[in-house]
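Each remark here refers to the structure printed beneath this line.
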Amino acid sequence: MLTPRHSDGCTLAGALSVAAAVTDGLTLVHGPAGCAHHHVSLLLTTLLDQPGARLPALLTDDLGEEEVIFGGEEALARALDEAVGREPGSIAVLSTCVAEAIGDDCEAVAERVDGVPIVVVPAGGFLGGGFLAGEQAALQAYGALAARLPAPDGGEEPVIALVGEKNLEFEADAHAKELGRLLGRLDHQVGVRFVRDTPTAGLGLLPCADLLVLREPALAPVADRLPIRPGTPRVDGFPVGLSTTLAFLRAVGAALGQDSDAACEAEAAHQEAALARFADLAGSRIRLPATPEWVCELADALELTIHPAGIPVPVPEPAPVGTAGLVRLLARWRRVL
Amino acid sequence: MKQIALYGKGGIGKSTTSANLSAALGESGRSVLQVGCDPKHDSTRMLMHGEPLPTVLELVRERGAAGVALEDVVRCGYAGVRCVEAGGPEPGIGCAGRGIIATFQLLEERGALEADVIVYDVLGDVVCGGFAMPMREGYAEEVYLVTSGELMSLYAANNIAKAIARLAERPRCRCRLAGVILNAKGMEREEELVRAFAQAIGSRLVATIPRDRVVQLAELHRRTVIEYAPDSPQAAVYRRLADDLLRNTDLSIPQPLTQDALESLAFAHAPPF
């Protein structure tokens, strides 16, 4: 028995969240139209909350009883023909429970199609794993595609890849911007966002990566299988909290063989200045739904008291990234304190 | 209306038995419908003199369910037996079990499932819920297990008994085991073994169909034995089977054997080396 978790979701939704983030890509849901409608509706509802959201190209082959009985491969082939005719940069075929249950060989159908690179993501929810499994399967599939693409010119600068951004997160772009700012302290920038707001050709930069920055540690098994040079360093998570943000700069510096002291000092000063803007909160008693280390550290730095009788303040999940994320959080706290 | 289903291992002779049973019932003046529930759609071939029937699923695929009329899928065969073939996907693709469900829904909607006797000839084993559907939904009220004395055949029969026992626990399910039919391979002590098996699962051996070359000859001539050799002892066996099945009211919920018990039973009835 399992109580449904509001924080989880279907494998198909996870896969779709990745595939729909390829800017010139087309996503083909190989399954019943209802499956496609439901998850596309979820995706669009979420994207509409994000500033500057782009509506992704989507299709479904609308499997019905006939395809369940006789197999859905012909329907997939017809839909792929139509998809190719729309001239996308790439096509993602996302399977569904029905397609997996009847054993359609999506890979074999995709192999017969020329002209557009195709990734096939097994996304049948009954296979287990929920949203994260779909996300990871899609990243894996795009990793395999990246290895087949010609590498674009990355210039002389080290290529830093952000891996597995949570595309349904309201603050996904704010997090990426913050990472860009932090990397800028070391005179670097984000080379490739794998996979968010990236055209298909841009994914070809992944195999050239000099450093991977994973959105969260749970993506480590995915990173292990990405087509990158052996020994490519990685940071297993976006930085959350004051000291972790400084540690992130040190980790990046160490990974790329450069001194990070000046960057850390500058960021520490930036953090101090940012906290000073919230000095009026000092002495407040707050109550938290959870007390992860980074929150306790933040409360200490601002001289806030964590107390069961304090004023309840939100602790978002996923946690805010970098110093900018903390500043946004403190602005929310200020509204209730 | 009597609804009979023959289940058993693939190749054991279900279609031959079904067709001859239907032919014998048809000859006796009863209205008979035989429904082939196997994707290879050859259940009614002998009744139709080798003429291939358009299958329900083939036509649904071509025209959509709304475009399929009863007369498109039901054809009259030997002795007035109405014949239907469900059909299904090519081997290795799709879901044949779902095809059975779709076929029954269509036949039900078109009012096809009416006759004095309906004979369902179902694919070898209850490999998924789709093939159990005729039992689950009350179409196959009386299930006969067709088996030989070979261990693999008894395994399949025992598996089907498991399905019946499981489904019979459901309040709405009317499906019961009506007996075991031995389609003999001519093995030593074969009837003794199959009779013991039937008793062990709480049923009985209702008929023994001996091995006879006339069956192959009839098939080569695309006829049932009843039609090809009406005066043969084998035809008499099928007619007797039809009479017995019509009279049979001895229905039970089987108690399937464990694998060990089944193997022990087979071992105990093995001929001496």
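The values are calculated or read from the model by the stated rules, or taken from the named source; none is laboratory data. Nothing here was measured: the structure is a model prediction, and the numbers come from that model. Cβ sites come from the backbone with ideal geometry, for glycine too, and all protein chains shown count toward neighbours. Note: areas computed on protein heavy atoms with side chains; ligands, DNA, RNA excluded. Shrake-Rupley method; radii C 1.70, N 1.55, O 1.52, S 1.80 Å.
Ordered by solvent-accessible area of protein heavy atoms (1.4 Å probe), largest first, the residues B:123, B:245 come out as B:123, B:245.
Relative to the longest principal axis of the Cα atoms of chain A, the long axis of helix A:130-148 lies at roughly 70 degrees.
Converting phi to 3J(HN,Hα) with the Karplus coefficients 6.51, -1.76 and 1.60 and the offset θ = phi - 60°, segment A:22-39 yields 7, 4, 9, x, 10, 9, 10, 8, 8, x, x, 4, x, 4, 5, 4, 4, 6 Hz in sequence order, with x at every glycine or proline. Our helix-only sum for chain B, with -39,500 (n - 2.57) per DSSP H run of n ≥ 4 divided by its residues, gives a mean residue ellipticity at 222 nm of -12500 deg cm²/dmol.
Tell me the carbon and sulfur percent of the accessible area for the protein assembly as shown, rounded to whole percent, probe radius 1.4 Å. Working shown, then result.
Details: 13790 of 26340 Å².
Answer for the protein assembly as shown is 52 percent, counting heavy atoms of protein chains only.
Counting only protein heavy atoms and a 1.4 Å probe, segment B:167-273 has 56 square angstrom of accessible area per residue.
Find the sum over both chains of the accessible area lost when B and A are paired, probe 1.4 Å, and report it in Å² to the nearest 100. Before the final figure, lay out each step's value.
Working: alone 11930 and 15410 Å², together 26340 Å².
Interface area, both chains combined: 1000 Å², rounded to the nearest 100.
Note on the protein assembly as shown: Lys pairs 8 or more places apart or on different chains, Cα atoms under 20 Å apart, count 8. Residues of segment A:59-106 whose accessible area, computed with a 1.4 Å probe over protein heavy atoms, drops by at least 30 Å² once all protein chains are present relative to their chain alone are A:65, A:66, A:68, A:69, A:70, A:102. Angle, helix B:96-109 long axis vs. longest principal axis of chain B, Cα atoms, 0 to 90°, nearest 10? Computed tilt is about 60 degrees. Taking all protein chains together, A:70, A:170 sort by accessible area into A:170, A:70, largest first [probe 1.4 Å]. For residue B:137, the solvent-accessible surface computed with a 1.4 Å probe is close to 90 Å², ligands and nucleic acids excluded.
Per-residue 3J(HN,Hα) values for segment B:35-52, derived from phi via the Karplus relation 6.51 cos²θ - 1.76 cosθ + 1.60 with θ = phi - 60°, read 10, x, 10, 9, x, 7, 6, 10, 5, 9, 4, 5, 5, 9, 6, x, 6, x Hz in sequence order (x marks Gly and Pro).
Checking the a/c ratio against 1.5 first, then a/b against b/c, what shape does the Cα gyration tensor give for segment B:164-215?
Working: a/c = 4.08, a/b = 2.15, b/c = 1.90.
Because a/c hits 1.5 or more and a/b exceeds b/c, segment B:164-215 counts as prolate.
The residues of chain A have, on average, 44 Å² of accessible surface per residue, using a 1.4 Å probe with all protein chains present.
Compared with its chain on its own, segment B:8-57 contains the following residues whose accessible area drops by 20 Å² or more in the full protein assembly (probe 1.4 Å; ligands, DNA and RNA excluded): B:57.
For segment B:130-174, the list of trypsin sites (Lys or Arg not before Pro) that fall in a loop by DSSP and count at most 15 other C-beta atoms within 10 angstrom reads B:172. Solvent-accessible surface, computed for protein heavy atoms with a probe of 1.4 Å, shrinks by 20 Å² or more for the following residues of segment B:83-106 when the other protein chains are added to the isolated chain: B:89, B:93, B:94, B:95, B:98, B:102.
The angle between the Cα long axis of helix B:259-268 and the main principal axis of chain B comes to about 60°, on a 0 to 90 degree scale. For segment A:269-336, what does the alpha-carbon gyration tensor say about shape, rounded, prolate or oblate, given a ≥ b ≥ c as the root eigenvalues, a/c under 1.5 as rounded, and a/b over b/c as prolate? Oblate.
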